[in-house]
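Chemist: Dropping a structure here in structure tokens format, bear with me for questions.
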Amino acid sequence: MNQILLTSLDKNENKKEYEKEIFDNYNMPIYNNYTNNKIEKNKKFFKLQFIFSILIIFTTISFSIYYIYSLKNREKISENIIGNYNIYRLYAENSKNQEEIINNNLFGIIEIPKINLYYPIFSTLSEDNLKVSPCKFYGSNLDENTNICIAGHNYNNDLFFSKIDQLQPEDEIYIYDYTGIKYTYLVTENYEVKEDDLSPIYIYNKNKKNLTLITCNNLNKNRIIIKAEQRA
């Protein structure tokens with residue numbers, strides 16, 4: 001009886017080992033193939049992710065370089081305009097066409113020593129002009145009791161009106177006309193309005209010669225307003 005039982009047990013053990021061997025032989029290649037495929041897919045995914053990251057970095061750097069290059073070109077254009085403006089003044093002093101030259105080209109030059117700003121001012125406002133330099137868009141002559149409004153882009157660096165928010169009351173702003181006469185303005189207010197608020201154009205001291213500088217606050221889309229009055 002014991003012999004029969006042992007023989008039966010041995011058979012069962014052998015059967016289990018045999019089944020296990022068959023199971024392992026059947027499943028191991030499948031498991032290995034699955035694992036290898038998963039590793040290959042992960043490799044491809046990380047490779048694509050790496051290439052995509054490189055492309056994003058390259059695109060960002062290229063855009064930054066182009067943006068800086070464009071700004072530098074605008075700065076050079078502004079410098080050239082100032083040179084041309086001085087030539088205009090030189091030849092216009094004895095010309096009967098002074099007013100026509102100024103109205104059709106440049107209003108004057110703006111200088112703000114505190115923020116190291118020095119740019120020509122276009123006589124008319126247009127998107128193309130604004131890309132190059134500040135523009136006058138409201139008001140008449142510097143020697144009249146009016147509100148001369150000048151707009152300039154904010155490039156969030158040293159260009160155009162990006163630093164006018166640093167101006168405080170009593171800071172000086174100089175405007176030079178086409179004959180070279182220098183008009184000094186003292187800052188009276190520095191505040192912001194909504195982008196559709198036109199009140200800074202029309203609200204001013206009608207008994208004074210006023211100057212209003214306008215640019216964008218790129219953080220909240222408001223308009224930065226600098227009010228100034230001509231020194232008597």
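The values are calculated or read from the model by the stated rules, or taken from the named source; none is laboratory data. Model, not experiment: these values are computed from the prediction. Because the Cβ atoms are built from the backbone with ideal geometry, glycine has one as well, and the counts that use them run over all protein chains shown.
Chemist: Right, Ile225: without any contact (Cβ under 8 Å) to a residue 40 or more places away in the chain, among the aliphatic types (A, V, I, L, M) and more than 13 Å from Ile110 (Cβ to Cβ) or not?
Modeler: yes
Chemist: While we're here: Could you check Tyr178 against (1) at pLDDT 95 or above; (2) touching a helix residue (DSSP H, G or I) at 6+ places or on another chain (Cβ under 7 Å) and say which number it fails?
Modeler: Here Tyr178 meets the rest and fails (1).
Chemist: Pick from the stretch 111-154 the residues that are out of contact with any strand residue (DSSP E or B) (no Cβ under 8 Å at 6 or more places or on another chain) and outside any loop (DSSP other than H, G, I, E, B): which of them is nearest to Leu167 (Cα to Cα)?
Modeler: Ile115
Chemist: Turning to a different aspect of this structure: So, in the stretch 156-168, exactly how many residues are part of a loop (DSSP other than H, G, I, E, B) and surrounded by 19 or more Cβ atoms within 10 Å (Cβ to Cβ)? Walk me through how you get there before you give the answer.
Modeler: Here is the first cut: in the stretch 156-168, the residues part of a loop (DSSP other than H, G, I, E, B) are 156-159, 161-163, 167-168.
Restricting the remaining residues to those that are surrounded by 19 or more Cβ atoms within 10 Å (Cβ to Cβ) gives 159, 161-162, 167.
Residues meeting the conditions: 4.
Chemist: Take the residues in the stretch 184-205 that are assigned to a strand (DSSP E or B) and within 25 Å of the chain's Cα centre (by Cα), then tell me which one is farthest from Ile173 (Cα to Cα).
Modeler: Val193
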